[in-house]
1. Obtain the radius of gyration and the Kirkwood radius of segment 97-256 from its C-alpha atoms and give Rg over Rh.
2. Give me the one-decimal Kirkwood hydrodynamic radius in Å for segment 185-241, with the sum taken over alpha-carbon pairs.
3. Run down the lysines and flag those whose C-alpha is under 23 Å from the C-alpha of LYS136, throwing out any fewer than 8 positions away in its chain.
4. For LYS208, go through the lysines and keep the ones whose alpha-carbon is under 17 Å away, minus same-chain ones fewer than eight residues off.
5. Could you work out how much longer the chain between ASP89 and LYS261 gets when fully extended? Use 0.36 nm per residue separation minus the Cα distance between them, nm to one decimal.
6. Which percent of Cα pairs goes in each bin when the distances of segment 118-199 are cut into 10 angstrom slices starting at zero?
7. Report the label-to-label distance for GLU151 and GLU127 in nanometres (one decimal), using points 7 Å from each Cα along the Cα→Cβ vector.
8. Dividing the alpha-carbon Rg of segment 205-270 by 2.2 N^0.38 Å yields what?
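Readers should treat all values here as calculations from the given coordinates under stated rules, not as data from a laboratory. Keep in mind it's a predicted model, so treat the numbers as computed, not measured. In this analysis, Cβ positions are derived from the backbone assuming ideal geometry, glycine residues included, and neighbour counts consider all displayed protein chains.
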Amino acid sequence: MHTQRMAVSVSVLALLTLAACGTESGSGSGSGDGSDTVQSDVPVTGVAWSVDSLTVGGKKTEAPAGSRLEIDPKGRAKAGFGCNHISADARVEGDRITFGKPVSTQMACDETTEKAEKAALAAMDGEVTAKLSGEKLTLTTEGGDTIALSEEKPAGLAGTRWAVNTLLSGETATSVPADLPKERVPHLTFGKDGTVHGNSGCNSFHGKAAVKGSTIDFGPPAGTRKMCPEAEMEVERAVLAALDGPATYTIKGSTLTVTSKDGKGIGATATPAESEGTQEHG
């Protein structure tokens, strides 16, 4: 199955430093110093948001597990629901966010994901009002459509089952085919003892993974040597290329990005440990 590619930024997103609001009530035109009131932006950029639900045209759609939205400080929004990549320009001014026309890759997805993506594309088009309440964020369009989100807490590298959903090559990201057999969806789990094991898209594997700071030094993997259909072998080659030698990694909420020294990499999402089943050490 061929996938369409789109360039997305894979750099680490810095947290936006927000200007503090004035402590005196009535500051601004009534302050007597001729200065204007300074209104801080709602702190939504540089934060990993988990999408809980979308309500469009009065119809509420629960977001698939792992759905997320992020707006970087440079003014680019990215969203994903487990299949296609959605992106749009995003300008934050006070409690208003203005989205440019969203664009999306064109992967065939399951019905639940397609429904969520269509709702997101409708909501991420034009101006929305952002309301922050603790760790909950609600984006509301002028027509009353909403996106309900929760701030993601960073998952731990070790002990988390990471399901690979994106293959990276430099500035280009390609979605892992959505129609892979369930047992062939690539995933990996890091142990606290400096090991890694999982499935690379066709074969199970295990090997060494020495973590130091923001780097991981992968040793040569060992595992099974089965042959699979070409689409699965292509994914496997890309996954193994990212897990070869020294690499850098970042964790943003429930998303892990691993990038090798030659620019090959993977994007993965934390998934429940019980869905891994028995360890596949081949």
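1. Checking Rg against Rh, the ratio lands at 1.04.
2. Working: mean 1/r = 0.0852 Å⁻¹.
Every distinct Cα pair counted, the radius reaches 11.7 Å.
3. Partners found: LYS59, LYS60, LYS74, LYS78, LYS115, LYS118, LYS153, LYS252.
4. LYS192
5. Working: separation 172, 0.36 × 172 = 61.92 nm, distance 2.94 nm.
Once the chain is fully extended between ASP89 and LYS261, it gains 59.0 nm.
6. Histogram of Cα-Cα distances, whole percents per bin: 14, 25, 31, 25, 5, 0.
7. So the two model labels end up 2.7 nm from each other.
8. Numbers: Rg = 12.5 Å, N = 66, 2.2 N^0.38 = 10.8 Å.
Ratio of Rg to 2.2 N^0.38 Å for segment 205-270: 1.15.
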